[in-house]
Amino acid sequence: MTLTTLVTATTLQHPLDVVGDDLRTPTGLRFAHLDYAASAPCVHAAADAVADLLPRYGSVHRGTGIRSQASTAAYEHARQEVAEFVGARAGDTVVFTRNTTDALNLLARALPPGTTTIVFDGEHHANLLPWPRQLRLATPRSPEAAVAAAAEALRTVRGPAVLAVTGASNVTGEVWPVRRLADVAHAHGARIVVDAAQLAPHSPVDLAALGADYLAFSGHKLYAPFGAGVLAGRADWLDAAPPYLSGGGASAAVGTGAGDVRWATGPARHEGGTPNLLGAVSLAAVCAALRRADREELHEREQTLLRRLRHGLAAVPGVIEVSCFGPDHPRVGIVSLALPDHDPAVVAARLADRYGIGVRAGQFCAHPLTRHLTGSTVISGCGAGPASLLRVSFGLGTPDEDVDRVVAALAELTEG
């Protein structure tokens, strides 16, 4: 039996099988979850890791009893698993955070004084809003334009600089030219941080292969429960920065006077307080399962679904697929649609209520990008508005049937 068969089967409990893939709506329809870009469902690797640890669950780095010892070992083993997943190098560190947004905010706080950050308008807000001293670049229309714009911006910078870029767009699914951008950044003495929240679930993320100095991603998009994320990369700036969270664990020694503190180095410096043990362990379990899997086969399966979806949507009148780099550019399992004659929020609600299909409508916490893609100049809220799109996204465990269902349902709704 091939891995593809294992992943798509609903009767087996392969580590990368989805938990709850037989979920039913109140009307009895099997629910088709096509909102992976927001939150991917949990897989058995994560659920089993949590169930295995719960009988021994206890405090981390805090005690000598069997629960604490087992929990500390599990937590640090999780860190090592994640380090291997991202190809951590000598001098790199892995810090557990709450999610990608938390990881990028941590790094933004750790930048040396006077650092210029270069960021494109096409980023998710998590990689757009935290950065100080921004040099904001317009959304490029091609990978070549992105590289050229970054190079031109870097030529104007004096002092330390960071280029912050997505690995794959949460709106269009398009894969960004990270390696080329990294080479440009390094040629100008700058560092690069990659928001891999959408890339990591679909493609291997290796710090050296990407040329990345830092990498951030979320557990809840990587088939693990909410509340765990990762910042991985060079340790020097992180060790030199004030702790992200001051408190127990981040402090190595505390004196009696105000400010008389010697802070820890390494990951502990920015992991103040009791850590999210179960989140770290479940995330690491998925990382380990993906490392053991045939990623090329998983990629081919996803691309087959993507072609099936895009081919079907192309035949639906009034449905327009949006992109930055053009229809032939490589992408992950994310497609966003403009519906000129329909309100995407209404369509999404009807897909859920009538057809048992979960998608996403809105601006996906990427307002400048969705305005660019829709040609809107109106700044509106997160939900409705002229810049709203309808997003269909998928991943492990998505069957052909779900892709066909959403195409057929959109055809009925837009025709009506």
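The values are calculated or read from the model by the stated rules, or taken from the named source; none is laboratory data. Values in this document were obtained by computation on a predicted structure and should not be read as measured data. Cβ coordinates were reconstructed from backbone atoms using ideal geometry, including for glycine residues, and neighbour counts include every protein chain displayed.
For region 314-329, state whether one or more residues are assigned by TED's automatic domain parsing to the domain that holds LEU128 and in contact with a His (Cβ under 8 Å, 6 or more places away or on another chain). No: zero hits.
Count of region 359-394 residues, restricted to those that are modelled with pLDDT of 95 or more, out of contact with any strand residue (DSSP E or B) (no Cβ under 9 Å at 6 or more places or on another chain) and among the aliphatic types (A, V, I, L, M), is 1. With respect to the conditions (1) surrounded by fewer than 17 Cβ atoms within 10 Å (Cβ to Cβ); (2) without any contact (Cβ under 8 Å) to a residue 40 or more places away in the chain; (3) more than 30 Å from ALA38 (Cα to Cα), GLY159 lacks only one, and its number is (2).
The set of residues in region 20-37 being out of contact with any helix residue (DSSP H, G or I) (no Cβ under 8 Å at 6 or more places or on another chain) and among the aliphatic types (A, V, I, L, M) consists of LEU23 alone.
Those strands (runs of 3 or more DSSP E) of region 201-318 in which 2 or more residues are touching a strand residue (DSSP E or B) at 6+ places or on another chain (Cβ under 6 Å) and free of Cβ contacts under 8 Å to residues at least 40 places away in the same chain occupy 251-254, 261-263.
Among the residues of region 249-269, which ones are surrounded by 10 or more Cβ atoms within 10 Å (Cβ to Cβ) and over 16 Å from VAL95 (Cα atoms)?
From region 249-269, those surrounded by 10 or more Cβ atoms within 10 Å (Cβ to Cβ) are 249-252, 254, 261-269; that's our starting set.
Passing the criteria: ALA252, VAL254, VAL261, ARG262.
Taken over region 99-153, residues that are more than 17 Å from the chain's Cα centre (by Cα) and of a type in the set (S, T, N, Q) amount to 6. Among the residues of region 163-220, those identified as within 23 Å of ARG109 (Cβ to Cβ) and among the charged types (D, E, K, R) are ARG191, ASP195, ASP213.
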